[in-house]
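The structure appears right after this line, and notes come after that.
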Amino acid sequence: MNKILNFPEGYPDEDFRSVVYRYHIRAGNVSMDETNNELFDVKSAKLLQFPRKLSTLLEQLPFGHNLTEDHFLSNTWFPLISPFLPKERLSLVYNDILNGDGPKYVGRIVSQRQLPILSKEIKYCPLCVEQDYEVYGESYLHLSHQLSFIKICPKHKVTLYESCPDCGSSYSNKEQGSLTVIPCCKGIEIQHESVDEVEELKIKLKNEMVYFRNNSFNLSHGMLHSKIMILLGAKGYIDIKGNIEKQRLIKDLEGYYKRDFLNEIVGSKDTYLLTKTSLYNFLNPDQMTRFILLYFLVILFLSGSVKNFLDVLETFSCPIPFGTGPWECYNSICSSYEIGLPIIKCKRTYIYKGNFKGYFLCPVCGYEYARKWSLTDKENDKISVTEMGHLWQMKVKRLFDDGYKIPYIAKILKSKESRVRSFIKKIDMNVVETKIDATIENLKVRELYRAKVKTLLETNDNFKRIDIKRRAYKEYRWLIKNDNEWFNLVLPPSRGKRQPLDYEAVDIELISKVRKAAEKVYAINPPTRIKATSIINKLNPTDRSRINNYHNKLPGTIKELGLLVESIDEYQIRHTPVLFSKIMNSGEYRRVTFKSLCSHRKSYNKCTAETRKKIEEILNELQKNNP
């Protein structure tokens, strides 16, 4: 590939298309498609707002140049858009820009129907055309003029035109890829527009967007979304449940900005701003590029300026009802009473206006109680017992069966007499539990059989009744006949009597299991990319089935899986040492470079510049250890 002799640098506020067109004029090519083919290996005469196959141009630049991909992208609005792109989509967009791969993600951003950022037409200020020619010897296309909402030149306060207002000649031809570099008319008499408050607001918005574009290099998508959410929380737009009050936010924006200004920037509330679809997707981190203009209005409304937004570190925290645990068990006959905090799960139910009710179930004795919590009274210690638990029930039955009176049972178990009496009335001791002969031999058999069943349950979390029956048939049959109440309390419910799943509890439990499964998969260092199925396959059959069949009821688990899945860039970085060893062992290379790596794995040609840099660092380190 031949090197080009020189390539022009951009003028202040020059559009990338204009830089390419000025090269076209100096190169003396007959048509723009010839220039695009030469610079980008693209057979088209069109000038794109964002480059494609930029790597082709970078490889042809003259020796000793200091131009980088960031330099060229600074002549576009891409630095403003990139922080709004999720990590994986940003990687695809970079591939599109550098290598021309993928389904033209950049074009989708430019041509979005709702809230477009950039104008579809190419606009010029006639006075800028004349002034630039006098100062630089050639005219050029101004980047800031191409914002969709800018209709007047911020500098000269005159209308922006697609054609010369004097002779009517078009300033550009998008199909043939031509722009203006020499004024067609000089000394144009043009009326200066009166700049009202709406136009002043649009110019201010333009300036804020320019500041963001020039100062957001280190702002990632996640950081941008977090800063916006923290601001919303600090300003009172997130309630105690974590819900964002979007409608109130939009209405406050309508009160803060001029109605005519809002209509021109984001449309009227009757057409777009307050539709159900837009409200649903607004503030969704995966849909941020659809609302870039609206986000800037929110940022200016909440922070006053983009500079304050980028510089100030706001803090926001939402109190967690009942805290994060663990919590104590108030059952005096429980082995953990006044010793430990056995309850690690709390089921929270929202009641009204910042009030919650929490349910706490002891895994040791089955005792469950409820408490209330509110923003105004966070130290409410009053509890109400909802279930005494299997341990209490068993002891009541045993003492009652042994002939003890209710007052004595209540005293021994530190319970109210009314509670003991109520429980005994609900059961028919002659039906629920067949009398076991009070012989020492039968008592020994019962305890022995119970112990075996308990051991099986403790060592096998997912055992069902059929599994117990297969492993301990004799004990199973004896207990179901002679110790039925204990049997039903301890064993999982039989088919047909299964209680509905507590999906919230299952979701919390599965998050932990998914993390551990992911750790095992990553520890193996598999040769292929780690996907969701790789992690799910490490779970037991029950958990796999729950994720596959009830994924819509397990939002936390699905989100965690998404975070744990290995991106293409992460896989390429992890797999680099393996490829290095393979290439070195082949004996064909004395030194492994990124180029030789790409010859073995063509997919590495598509990695981002940032990923390539990390891979080269790994290769250099590996090469040091393998001289």
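Throughout, read-outs are computed from the coordinates displayed, never taken from laboratory work. Small disclaimer: the values here were computed from a predicted structure and weren't measured. Cβ placement follows ideal geometry from the backbone for every residue including glycine, while neighbour counts extend to all protein chains displayed.
Which residue, Val445, Tyr352, Asn626, has the largest displacement toward the positive end of the dipole of the chain when charges sit on each Cβ (Lys, Arg +1; Asp, Glu -1)?
Comparing the listed Cα positions along the dipole, Val445 ranks first.
At q = 0.16 Å⁻¹, what log₁₀ I(q)/I(0) does the stretch 1-54 have when each alpha carbon counts as one equal point scatterer in the Debye sum?
-0.44
Relative contact order of the chain, please, whole-number percent, based on alpha carbon pairs below 8 angstrom and at least 6 residues apart.
8 percent
So what's the convex hull volume per residue for the Cα atoms of the stretch 569-624, in Å³?
On the way: hull volume 3.7 nm³, N = 56.
Per residue, the Cα convex hull of the stretch 569-624 comes to 66 Å³.
To the nearest 0.05, how large is the calculated FRET efficiency for Leu127 and Glu616 if R₀ is 35 Å and r is the Cβ-Cβ distance?
With R0 = 35 Å, the Cβ-Cβ based efficiency is 0.15.
Give, rounded to the nearest 20 debye, the magnitude of the charge dipole that the stretch 198-311 has about its Cα centre when Lys and Arg contribute +1 at Cβ and Asp and Glu contribute -1 at Cβ.
The calculated dipole for the stretch 198-311 is roughly 100 debye.
Put +1 on the Cβ of every Lys and Arg and -1 on every Asp and Glu Cβ in the chain; which of Val195, His65, Ser512 then has its Cα farthest towards the positive end of the dipole?
Highest projection toward the positive end goes to Ser512.
Convex hull over the Cα atoms of the stretch 503-566, averaged projected area in nm²?
3.8 nm²
Rounded to the nearest 20 debye, what is the charge dipole size of the stretch 91-235 about its Cα centre when +1 sits on each Lys and Arg Cβ and -1 on each Asp and Glu Cβ?
Approximately 740 debye in magnitude.
How many nm is it between the label spots at Asn243 and Tyr352, if each spot is 7 Å from the Cα in line with the beta carbon?
For the pair Asn243/Tyr352, the computed spacing is 1.4 nm.
In debye to the nearest 20, how big a dipole does the chain give about its Cα centre with +1 on each Lys and Arg Cβ and -1 on each Asp and Glu Cβ? Don't skip to the end; give the middle numbers.
Values: 96 positive and 75 negative charges, 859 e Å.
It comes to approximately 4120 debye.
Along the positive direction of the dipole of the chain (beta-carbon charges: Lys, Arg +1; Asp, Glu -1; about the Cα centre), which of Met32, Ile524, Ser415 reaches farthest?
Among Met32, Ile524, Ser415, the one farthest towards the positive end of the dipole of the chain is Ser415.
Exactly which chymotrypsin sites (Phe, Trp or Tyr not before Pro) in the stretch 13-78 are in a DSSP loop and have at most 13 other Cβ atoms within 10 Å?
Those that pass, being in a loop and sparsely packed, are Phe63.
Hey, with R₀ at 30 Å, roughly what FRET efficiency would Tyr136 and Asn207 work out to, going by the Cβ-Cβ distance, to 0.05?
Computed FRET efficiency for Tyr136 and Asn207: 0.85.
When the chain is fully extended, how far beyond the present Cα-Cα distance does Asp166 get from Met394, taking 0.36 nm per residue of separation?
Details: separation 228, 0.36 × 228 = 82.08 nm, distance 9.82 nm.
Full extension of this stretch gives 72.3 nm more.
Let a ≥ b ≥ c be the square roots of the eigenvalues of the Cα gyration tensor of the stretch 1-154; is it rounded (a/c under 1.5), or, if not, prolate (a/b larger than b/c) or oblate?
On the way: a/c = 1.69, a/b = 1.02, b/c = 1.66.
Taking the square roots of the gyration eigenvalues as a ≥ b ≥ c, the stretch 1-154 is oblate.
Taking Rh as the Kirkwood radius computed over C-alpha pairs, what is the Stokes-Einstein D of the stretch 198-311 at 25 °C in a medium of viscosity 0.890 mPa s, expressed in µm² per second?
Reported coefficient: 167 µm²/s.
Which log10 I(q)/I(0) values does the chain give at q = 0.10, 0.11 Å⁻¹ under the Debye formula, counting every alpha carbon as one identical point scatterer?
Taking Cα atoms of the chain as identical point scatterers yields -1.06, -1.18.
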